Amino acid sequence: MHDPDCIFCKIAKGEIPAETVYEDKDFLVFLDIHPQSPGHVQVVPKKHYRWVWDYPNIGKYFEIVKKIAEAQRKAFDTDWILSKIVGDEVPHAHVWVFPNSNVRGDKNAFKENAEKIVDALTS
């Protein structure tokens, strides 16, 4: 189930490019185009759900959020990882996960920041 007008559905289907840091059969994690800090990502289900709370297995969703947060802690050498769930920006379930704004680095160095997270996930 996809919404043809939803930007996150389009990203999940590969119709719009994104700097992906994690993907499995149900979820996609990519860098936010307007980052709050280096490594700021969106964790989204590939299927369209309007709200995070609509996702049928919220525990699985938050396992992915935790996995990404732990990778960010390692990648950006910080214990302070923030998350935010609002849902008014894009009408597709998404969780913001991002290091504290005091983290060093260029928040717009998308490729470099993605590589740091991917490396932390695989090491």
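The values are calculated or read from the model by the stated rules, or taken from the named source; none is laboratory data. Since we're looking at a predicted model, the values are computed, not measured. Here the Cβ positions follow ideal geometry from the backbone for every residue, glycine too, while neighbour counts run over all protein chains shown.
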Taking region 83-123 on its own, how many of its residues are closer than 21 Å to Tyr55 by Cβ and either in a helix (DSSP H, G or I) or within 12 Å of the chain's Cα centre (by Cα) (or both)? 9
Extreme residue, nearest to Gly105 (Cα to Cα), among residues of region 63-81 that are touching a residue at least 24 places away in the same chain (Cβ under 8 Å) and of a type in the set (A, V, I, L, M, F, W, C): Phe76
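Mind checking which residues of region 40-76 are among the β-branched types (Val, Ile, Thr) and part of a helix (DSSP H, G or I)? Spell out how you get there, then give the answer.
Taking region 40-76 first, the residues among the β-branched types (Val, Ile, Thr) are 41, 43-44, 52, 58, 64-65, 68.
Passing the criteria: Val52, Ile58, Ile64, Val65, Ile68.
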What residue, among those in region 2-54 that are out of contact with any helix residue (DSSP H, G or I) (no Cβ under 7 Å at 6 or more places or on another chain) and of a type in the set (Lys, Arg), is farthest from Glu89 (Cα to Cα)? Lys25
Number of the exception - Lys74 against (1) surrounded by fewer than 18 Cβ atoms within 10 Å (Cβ to Cβ); (2) under 13 Å from the mean Cα position of the chain (by Cα): (2)
Whether any residue in region 75-87 is at pLDDT below 95, touching a His at 6+ places or on another chain (Cβ under 9 Å) and of a type outside the set (A, V, I, L, M, F, W, C) is what I want to check. yes
With the requirement that a residue be in contact (Cβ under 8 Å) with a residue 12 or more places away in the chain and over 21 Å from Asn108 (Cα atoms), what does region 14-52 give you? Asp24, Lys25, Asp26, Phe27, Pro45, Lys46, Lys47, His48, Tyr49, Arg50, Trp51, Val52
Does Phe30 qualify as being surrounded by 15 or more Cβ atoms within 10 Å (Cβ to Cβ), in contact with a Ser or Thr (Cβ under 6 Å, 6 or more places away or on another chain) and not aliphatic (A, V, I, L, M)? yes
What are the pairs with Cβ atoms under 7 angstrom where one residue, in region 98-112, is farther than 15 Å from Thr20 by Cα and the other, located anywhere, is of a type in the set (Gly, Ala, Ser)? Sequence gap at least six, or different chains. Pro99/Ser37; Pro99/Gly39; Asn100/Ser37; Ser101/Ser37; Val103/Ser37; Lys107/Ser37
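Does Gly59 fit the bill of being surrounded by fewer than 18 Cβ atoms within 10 Å (Cβ to Cβ) and modelled with pLDDT under 95?
Details: surrounded by fewer than 18 Cβ atoms within 10 Å (Cβ to Cβ): yes; modelled with pLDDT under 95: no.
In short, no.
When you check Ala93 against the structure, is it under 23 Å from Ile7 (Cα atoms), touching a helix residue (DSSP H, G or I) at 6+ places or on another chain (Cβ under 7 Å) and not β-branched (Val, Ile, Thr), yes or no? Lay out the reasoning, then the answer.
Working: under 23 Å from Ile7 (Cα atoms): yes; touching a helix residue (DSSP H, G or I) at 6+ places or on another chain (Cβ under 7 Å): yes; not β-branched (Val, Ile, Thr): yes.
Yes.
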